[in-house]
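Participant: Let me begin by handing over the structure; questions about it come next.
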There are 2 protein chains.
Amino acid sequence: MYFIKKQFIYLRKNLFGSTFTPLNLDMKNTKPTIHDISKVLNIDSSTVSRALNNSPRVSKKTKDLILKKAEELGYQKNTLASNLRTSKTNTIGVIVPRISRNFFSSVISGIEETGYKGGYNVVIGQTFDNLEREQKLVSTFLSNRVDGLLISISMETTDYEHLENYKKNGGPIVFYDRPVSLKDCPSITINDFEASYKATKHLILKGCKNIVHFSGVQKINLYKNRKEGYFSALKEYNIPIREEYVFEAKLSEEDGIEFAKRILKMKHIDGIYSANDTAAISAIQYLKSNGIKIPKDISVVGFNNDPISAVIEPSLTTINQPDFEMGTIACSLLINLIENKNIQVQNLSKILTSELIVRNS
Amino acid sequence: MYFIKKQFIYLRKNLFGSTFTPLNLDMKNTKPTIHDISKVLNIDSSTVSRALNNSPRVSKKTKDLILKKAEELGYQKNTLASNLRTSKTNTIGVIVPRISRNFFSSVISGIEETGYKGGYNVVIGQTFDNLEREQKLVSTFLSNRVDGLLISISMETTDYEHLENYKKNGGPIVFYDRPVSLKDCPSITINDFEASYKATKHLILKGCKNIVHFSGVQKINLYKNRKEGYFSALKEYNIPIREEYVFEAKLSEEDGIEFAKRILKMKHIDGIYSANDTAAISAIQYLKSNGIKIPKDISVVGFNNDPISAVIEPSLTTINQPDFEMGTIACSLLINLIENKNIQVQNLSKILTSELIVRNS
DNA sequence: CTGTTAGCGCTTTCAT
DNA sequence: ATGAAAGCGCTAACAG
C-alpha cells in the first residue's frame, strides 16, 4: 500500500537522521519566521500566525506577547508563502498603454487609491501600444497570480485570446477607456455628453450667458458628443444656441491662435468651455502673450485636468475629473468581481458618476 | 521520541483515512500543476520541473514529451511557489515621487527596458512625495520580497530607517535623481555640467557663434552647474563669453516672455541653449504668437526631452536623454548588486554616459 | 483558546 | 537520466 510504504521510509529517514542538507546554509540571509517566534515563546506557530493576523480566536495576553516578540525580532511576514497558501495575492494588475500620458496616470492614481483602501496592492505594466508586450504582461500577471486585471488594451490588439485565457485561469477583467466586448467583463468609458453638459452648466451657474465652445473635427464622436452636451445645457437654461460660438479646430494648435483672435473680436464673450485641450492651450498662450489677463474677462472651463493646462494657465479650471474617477470606479468594480459580490451593472449607479459609462457584455 | 511519535500519528492518520478536507474544494479554480503533468505521463514531478526549466539533466525525448503535454494542458508556472522555494522573485521595486512627471516616466521606461532584458519584472509605487506612503511601499516591497530597490526619495524623507531596514533584510538599494548617503548604496544623478557642455557644443558644431543661454536663479546649483557647462564649451571653441547672453529667470514663465523680447532686439543671435524649460516654453510661445518662425533664424536646444516642449515647438530639440539613461544605468547597477557581481563604482565608466554621475557611499 | 497536522506548488538534494 | 523525499513559510481544518 502506497501510503504505508511511503511513511515507513519517511520514518526510517528521520530515525537515522536525514542525510539531506538544508537549502540555505548561509545564515546571513535568515529572516525571522513565525517558527522563530514560536520557538522562543514556546507557543505553537499556528497560534503565532493567528495572533499576527489578529484573529479573535487568540487571547489578548498571548497576542500581545507574540506581537511584542515579533516587533523585537524584526519579523516581517513572508507574503509569498502566505499568498501561496491562500492562493490569493491581494494584488491587482493594471495594464496601460503608457504611464506618461496624463490621462492614464490620473486613472492609475484613482485605481491606487481605491485599491489600497480595499487592501490591494497595485502593479502596473506599460504596453506602449504594442501587442506583444501586452501578451507578455498578461502572462506575467497570470503566473504571478494577480487577483484581477484592469486593462486599457493596446491599439494593436484585435485578438483577445490572451485575455480570455487570463479570464479562464486567472481572474476577472475590467476594461477601462478602451472598451472591449468580452463575456462578463465590464468596460468603463467616459460619458462625453454628460461631462460636457456638466462643464457648460457650471459656467452657466457662474452667470455666463455667452459661452464659446472649443471643439474639434465633428467626424470624431468624442467631439460630437461633447458638443451635444454643451447644447443640452444651454437648452436647459433657455440660452439661445449660436452656431458661431462653436469653434471647430482641425489643426488644434494653429487653430487655437485663430480662436483667440476670434474671441478678442467678440466683445460680449463671458465664458469658454473647451473640449479640445491643445487648442485651448495655444489660444490662452496667445492671449497671455498679448497681455490679456483671462480671469478678469472670461471664465474658462476645460475638459480634462491636464497639468499642461495648469502650467500654462491656472485660471483654466476643470470641474470634473472623469479620468481619476474612472480609476476608482474601475477598481472598485474589479474588487467586487474578485470578492464575488457579484454586483449587477444595473446596480452600479450608486457608485457611478454620470460622467462615466459602464457596459457589461 | 518526538519524531517517532509524530510519524506514527501521521501514519495512522493516513491509514485510517484523513479527516482533513482540502483547502480548495471547488474544482473550477484548478490550474494544472507539475503534478498533473507528472501523473498523466507517469514521470516524476521533479523531472517535469527540470524539463520545464530546461535543465540539461533530462533527455531530449522526455523533455519534448513534457513540454508538449504542458502546452496541451495549458500549464502556467506558479511563480509564487517557485519564488517561495528559491527565495528569489526576479522582481525589482521602483519607488518614484509621481509617475506623471515626465522626467520620472522616462526614468521608469529606462528601468523597465534594462530590467526586462535582465529577466526581471518591474513594479512601481508612487509616494506623491509623502513619507508615510514611502514607508508603506518599502514595507510592502520587503514583505513581497522584491530582489532590490530603486528609489527617488520623497521630499519629506529625512530619516532612513525604513531603507536601512530594507537594506538589511531585503536587498540592495540604488538611489536615483535624489541622492542619499547610505552605506553601500550608490546614488545616480544627472551631471548638469557635462550635459550642458554637450548641448552647447552641439550648437557650436552646427555653426552657431552667438548663443544665448536660458538659465535660472544662480543660487540653485543645478542652474549654476549648467551655466558653467555652457561656458566650458564656449571656451573650448574660443568663443568669447558674454555675460549679457546669460538670461537668468526668476519667475520662469513671465521672464520667458521677457527673454523673447530681448532676443528680438539682439539681431545677431543664432542659437539658444535652454536649461530652463518653463522659460523656454513661454519664450517660444511668445515668438510664435507674433509670427516669428524660430527654426529659420535660431537653433534651439533644450535640456530635457520634455514632451511639453515637443508639443509647443518641434524645433526645440534635445540632444541628450539623461533621464531615460538614468533608468537603464540605475537598473543595471542594481541588477549587478542583486547578482553579487560586485561592480566597483570606478569600473562603471563603461556603461556610463558622461551626463550622469554615480556615487557610492 | 491552543496545539497538531497537512499541504499550497515548486525546486533541489541525494540516491539509484 | 530519473525518482524519492524534503521543505520554502505560511494558513486552516480539526481536535481537544
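What follows draws every value from the coordinates through simple rules; no lab data is involved. Being a predicted model, the structure only gives us computed values, none of them experimental. Cβ coordinates were reconstructed from backbone atoms using ideal geometry, including for glycine residues, and neighbour counts include every protein chain displayed.
Participant: Output wanted: per-residue J couplings in Hz (rounded whole) for the range A:179-189, from phi through Karplus 6.51 cos²θ - 1.76 cosθ + 1.60, θ = phi - 60°, x for Gly and Pro.
Facilitator: My calculation for the range A:179-189 gives x, 9, 8, 10, 3, 6, 10, x, 10, 10, 10 Hz in order.
Participant: Measure out, as a whole number of angstrom, how far apart the alpha-carbon centroids of the range B:215-261 and the range A:237-257 sit.
Facilitator: 41
Participant: Once the label point is set 7 Å along the Cα-to-beta-carbon vector, what list of distances in nm do you get between A:Asn42 and its counterparts in the other copies?
Facilitator: List, nearest first: 5.4 nm.
Participant: Would you list, by chain and number, the aspartates and glutamates whose Cα falls below 20 Å from the Cα of B:Lys39, excluding same-chain residues fewer than 8 positions away?
Facilitator: Cα-Cα hits under 20 Å: B:Asp64, B:Glu71, B:Glu72.
Participant: How far is A:Phe128 from the same spot in each other copy, in nm, shortest first, if each label point sits 7 Å from Cα toward Cβ?
Facilitator: 3.0
Participant: Semi-axes of the equivalent ellipsoid for the range B:186-306, please: Cα gyration tensor eigenvalues, times 5, square-rooted, ordered largest first, whole Å. If you can, show how the numbers build up before the last one.
Facilitator: Working: eigenvalues 93, 60, 32 Å².
Equivalent ellipsoid semi-axes, largest first: 22, 17, 13 Å.
Participant: Using the 10 angstrom Cβ neighbour count as an exposure proxy, how do B:Thr278, A:Thr127, B:Thr86 rank, fewest first?
Facilitator: If I rank by nearby Cβ atoms, fewest first, I get B:Thr86, B:Thr278, A:Thr127.
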